[in-house]
Amino acid sequence: MRRTVQLLGASLVLASTLALTACDSTPKIAGNWKADDGTAVKTIAQDGRCQGMFYNGTKPLDIGGGMSCSFSTKKDANGRYSLVVSQPPNEASYTVDFTASDTAAVYSGTTKIYTMTRQ
């Protein structure tokens, strides 16, 4: 009986932990991504450094120098996350819709710029 209670307690702790993780699970944006627009692999590091993420309208733009990305932890009213890309003096805001854990569509306003898949 005591063993059953211990196992049940451990199961409840594990289930509670998984439930909390699922409720507060912001998708991870860090990694190497391949876009469907034919551009080079995009990289987003844990510390916010990134490459290939700045666009001028629907065209990629890289003026040289460092690029940084900031990703929101909460969805907006449209169910998308905010992505702010800065390559001084330029800065642009995009929204990201995760269609799967390793697939995301990136939007500028209401225009989808590209879909990317984690490599």
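The values are calculated or read from the model by the stated rules, or taken from the named source; none is laboratory data. Nothing here was measured: the structure is a model prediction, and the numbers come from that model. Every residue, glycine among them, receives a Cβ derived from its backbone with ideal geometry; neighbour counts consider all protein chains shown. These accessible areas exclude ligands, DNA and RNA; they are computed on the full protein's heavy atoms, side chains included. Shrake-Rupley method; radii C 1.70, N 1.55, O 1.52, S 1.80 Å.
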- Note on the structure: Rounded to a whole %, the carbon-and-sulfur portion of the accessible area of the range 40-80 at a 1.4 Å probe is 49
- Query: Want the number for GLN46 to ALA92: 0.36 nm per residue separation, take away the alpha-carbon distance, what's left?
  - Reply: 14.6 nm
- Message: Tell me which of PRO89, THR110, GLY52 sits at the most positive position along the dipole axis of the range 51-119, charges placed on C-beta atoms (Lys, Arg +1; Asp, Glu -1).
- Response: THR110
- Neighbours of GLY31 by Cβ distance under 15 Å: Lys/Arg at +1, Asp/Glu at -1, summed charge +3
- Determine how large the accessible area of ARG118 is when every protein chain is in place; take a 1.4 Å probe and give Å² rounded to the nearest 10. 60
- J(HN,Hα) series, the range 73-87, from Karplus relation 6.51 cos²θ - 1.76 cosθ + 1.60, nearest Hz, glycine and proline x: 9, 10, 6, 8, 4, 8, x, 10, 8, 8, 10, 10, 10, 10, 9
